[in-house]
Number of protein chains: 2
Amino acid sequence: MSDIKKRVTIYDIAKEAGVSSATVSRAISGNGYVSEKNKKNIEALVKKYNFKPNTFARNLQSGFSKTIGYVVPHIGNMYFASVYYEFEKWASLNGYMTILVNSKNERQLESKLLRSLLEKHVDGIVIMGGRVDEVNLEKRYIKEIKELNKTVPCVLCSEKAEDFGCCGIHVDDEIGMRLIIEHLASRNYKNIAMIGGGNTFVPSALKRQYAVKIAKEYSINLDVSKMVHSGFGYEVGYMDMKLLLEEKPYPDAVICINDYVAIGAMKAIHEAGLKIPDDIGITGYDNVAESYLTTTKITTISSNYHKYGKAVYDCLQGLIEKPNERKRETMLIKPELIVGEST
Amino acid sequence: MSDIKKRVTIYDIAKEAGVSSATVSRAISGNGYVSEKNKKNIEALVKKYNFKPNTFARNLQSGFSKTIGYVVPHIGNMYFASVYYEFEKWASLNGYMTILVNSKNERQLESKLLRSLLEKHVDGIVIMGGRVDEVNLEKRYIKEIKELNKTVPCVLCSEKAEDFGCCGIHVDDEIGMRLIIEHLASRNYKNIAMIGGGNTFVPSALKRQYAVKIAKEYSINLDVSKMVHSGFGYEVGYMDMKLLLEEKPYPDAVICINDYVAIGAMKAIHEAGLKIPDDIGITGYDNVAESYLTTTKITTISSNYHKYGKAVYDCLQGLIEKPNERKRETMLIKPELIVGEST
């Protein structure tokens, strides 16, 4: 036999005290009249069953659940996990609990999860990555998020937040790409390729546009056409780097869409018996892998997770608690260059 | 001006319809009498304000919130993130939403978060890592978790679950260590050191005990005294490996408490100009880094995240939904050896 008791509801307390549930509610909240005798009875039962005052009931009156929904494609991606960690820290410090769901980049699943979050009466929702970053947004999807945003304030960690009529926060990738290309120029790299990412995702598409524009300013030959495989994982970097190495001459530096792709590319370079950074320079993005992850520390871009997570929380809190002051705005997180040993 | 409306409560609907909130509740739930006229009015207002039937209110009657609390020290650790991902998949598939909080291994913060979860009336709680894994458990803490478990069923991903009177799930580290040592023996490693982890944490302490016992069976000389720094990060592996390399002769293989420590150790070996696995073999644990993360793929132990996350969910669901059938039990997840290039 377990010593774990069945959850006691306000109705169980009411039944045992021989009063209505409304009376129990009044006794617990301290709002409204309850006879001394009933009050004593109810207090004893609350203690007996370790019954906790129900915030869901309180919620009916305030209209706030102090609960936030947070949607990511996959929390196993360190980028999402790091921002969530910072966000949750500030949220719980301020009395908000956060429901974290994984959308797996699947349309139907994301829609279902958003409906479930609404049913939980969350006070606000953060969407980070996945469908909101698609280049070609379906009208139906825009409508869905606009409707959602009418019910609860939403913060989108996406360049496309405005299209949804939502507040947006994202890393300023134009600055990020400028930092990378400036750095590569200062190290005298002249023929650069760019690999990884996907054409259907806004952040990848924009990073490529920025890179092409900025490379011109520095008279660097940048080839963005070498991306054969799309994706954000090690294997994409590995496979595309292998293809690049078959060419003569191969590029003297490769910009990778993120650190995972960079790690894959570095593996291919090592296997070919070439040296990093002497034969080929490599840059990553996101600073997920930290300095010790690879034997050669990667030059990368830090998204300032501390600032990012706090900015997302501050923005959503403002939307929830000061709805009249809130404006639809997009905030940019300024990234920083971290110079490693790979360039 | 924002087009996001203020959240409408059941009281706003009641006021505008000129009825009591109880009437609105009856109309929405379909339980109890409401006049046709009031019903029509209320339905129109619900539509007008996009008001969602409030599960918190329903919750008062069923006693279930369909919400689960999940506590980890830091979701940025891939081990926790991977199990959570699998858990959340099954939870949301079954209509449960999961609140994920980071305890940062801080006592006061964890206690505060647990209280907050109770106030949200979660149906169950998962605790993974952190205080529950401490070798010397404070009586006060055991009492705290026992009390918690009386209020809501708890599943502890810990070897110490029984001490708390809770159901427990954890990886069978005896099998894990056996797989590693059997493998090292088959590759003719004879002098082995073990680094990383902490003496105050049960999983580390147990892994060391198992390793010593099993090494004897294989007549392997295992030195567990070389751990100078305690911890689970890259830098611990790097620093302790550097110390090991100062000795003559250095060990021919090093068992690392997890993959992060292994990656740090590999960096130190590379810096010393030594070859893996010829000069020194390295094993990791947890399979967080995946095959491409390091230029030399690490031999490691997979904890079967799929099975692990599902087992945690199944266990908690049983405790919540079938409280009379539930038993206090500990379930072991059988790990698997993944042979890489580091041995």
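For each of B:S116, A:S158, count neighbouring Cβ atoms within 10 Å of the residue's Cβ, then give the residues from fewest to most.
Ranked by crowding around the Cβ, least crowded first: B:S116, A:S158.
Using DSSP, restrict attention to beta bridges with both residues in chain B and report what percent are antiparallel, rounded to the nearest 5.
If I count the DSSP bridges inside chain B, around 15 percent turn out antiparallel.
Mind checking the alpha-carbon convex hull of the stretch A:89-237 and giving the volume per residue in Å³?
Taking only Cα atoms, the stretch A:89-237 has a hull volume of 144 Å³ per residue.
Mind running the shape call on the stretch A:173-302? Use the C-alpha gyration tensor, a ≥ b ≥ c as the square roots of the eigenvalues: rounded below 1.5 for a/c, prolate if a/b tops b/c, oblate otherwise.
The shape class here is rounded.
When a footprinting reagent is the concern and you count Cβ atoms within 10 Å, what order do A:T200, B:T343, B:T299, A:T300 take, fewest first?
Listing A:T200, B:T343, B:T299, A:T300 from fewest to most nearby Cβ atoms yields A:T200, B:T343, B:T299, A:T300.
Between their Cα atoms, which of B:K216/B:K307; A:K226/A:K275; A:K120/B:K39; B:K146/B:K226; B:K66/B:K139 are more than 26 Å away from each other?
Pairs exceeding the cut-off: B:K216/B:K307; B:K146/B:K226; B:K66/B:K139.
Are there trypsin sites (Lys or Arg not before Pro) in the stretch B:237-343 that DSSP marks as loop and that have at most 15 other Cβ atoms within 10 Å, and which are they?
Those that pass, being in a loop and sparsely packed, are B:K275, B:K327.
Apply the a/c threshold of 1.5 to the C-alpha gyration tensor of the protein assembly as shown and tell me whether it is rounded, prolate or oblate.
Oblate, because a/c is 1.5 or more while a/b does not exceed b/c.
Residues of A:141-149, mean number of Cβ from any other protein chain within 10 Å of their own Cβ, rounded to a whole number?
Mean inter-chain Cβ contacts per residue within 10 Å come to 1.
For the charge dipole of the stretch A:152-235, defined by +1 on Lys and Arg C-beta atoms and -1 on Asp and Glu C-beta atoms about the Cα centroid, which residue among A:M177, A:A193, A:I214 has the Cα displaced farthest towards the positive pole?
A:A193
Go ahead and collect, in residue order, the members of the stretch A:86-127 whose backbone nitrogen is under 11 Å from a label point 7 Å along the Cα-Cβ direction of A:T200.
Residues A:106-107 fall inside that zone.
Quantify how strongly other chains surround peptide A:95-104 by giving the mean number of their Cβ atoms within 10 Å of each of its Cβ atoms.
6
Once fully extended, how much extra length lies between A:N50 and A:K143, figured as 0.36 nm per residue of separation less the alpha-carbon to alpha-carbon distance?
29.0 nm
Please enumerate, by chain and number, the lysines with C-alpha under 20 Å from the C-alpha of B:K40, excluding those fewer than 8 residues away in the same chain.
B:K15, B:K48, B:K52
Would you work out which of B:G309, B:F232, B:L332 lies farthest towards the positive end of the dipole of the stretch B:189-343, given +1 charges on the beta-carbon of Lys and Arg and -1 on that of Asp and Glu, about the Cα centre?
Value: B:L332.
Let me make sure I get this right: for the stretch B:178-234, a, b and c are the square roots of the gyration tensor eigenvalues over alpha carbons, sorted descending. Under 1.5 in a/c it's rounded, otherwise prolate if a/b > b/c, else oblate. Which is it?
prolate
Can you put B:T330, B:T283 in order of Cβ neighbours within 10 angstrom, beginning with the fewest?
If I rank by nearby Cβ atoms, fewest first, I get B:T330, B:T283.
Enter the mean number of other protein chain beta carbons within 10 Å of the beta carbon of each residue in B:109-121, as an integer.
4
How far apart, in nm, are two points set 7 Å out from the Cα along the Cα-to-Cβ line at A:Y11 and at B:K150?
Result for the modelled spin labels: 2.5 nm.
Would you mind working out the magnitude of the charge dipole of chain B relative to its Cα centre, with +1 at each Lys and Arg C-beta and -1 at each Asp and Glu C-beta, to the nearest 20 Debye?
1880 debye
Under a crude label model (7 Å from the Cα following the beta-carbon direction), how far is B:E321 from B:H270 in nanometres?
Label at B:E321, label at B:H270, 4.8 nm between them.
When DSSP beta bridges are limited to those with both residues in the stretch A:57-215, what percentage is antiparallel, rounded to the nearest 5?
Percent antiparallel among DSSP bridges in the stretch A:57-215 is about 5.
What does the charge dipole of the stretch A:172-236 about its Cα centre add up to, to the nearest 20 debye, if the Cβ of each Lys and Arg holds +1 and the Cβ of each Asp and Glu holds -1?
Around 200 debye, computed over the stretch A:172-236.
Identify which of A:E325, A:E86, A:E174 has the largest mean-square fluctuation in a Gaussian network model of chain A, with springs joining Cα atoms closer than 10 Å.
Highest fluctuation of the listed residues: A:E325.
Chain B: Rg/Rh from Cα coordinates, Kirkwood Rh?
1.14
Only loop residues by DSSP count here, and only those with at most 14 other Cβ atoms within 10 Å; note down the trypsin sites (Lys or Arg not before Pro) in the stretch A:187-230 that meet that.
A:R187, A:K190
If r is the Cβ-Cβ distance from B:V212 to A:E247 and R0 is 60 Å, what FRET efficiency results, to the nearest 0.05?
About 0.65, to the nearest 0.05.
A:Y85: net charge of surrounding residues, Cβ under 12 Å, Lys/Arg +1, Asp/Glu -1, itself excluded?
+1
Helix-only mean residue ellipticity at 222 nm, chain A, DSSP H runs n ≥ 4 weighted -39,500 (n - 2.57), per residue, nearest 500. What is it?
The per-residue figure over chain A is -14000 deg cm²/dmol.
A short reminder: the numbers here are calculations on the coordinates, not readings from a lab. Predicted model, so just to flag it, every value in this text is computed and none were measured. Heads up, the Cβs are rebuilt from the backbone with ideal geometry, glycines too, and the neighbour counts pull from every protein chain shown.
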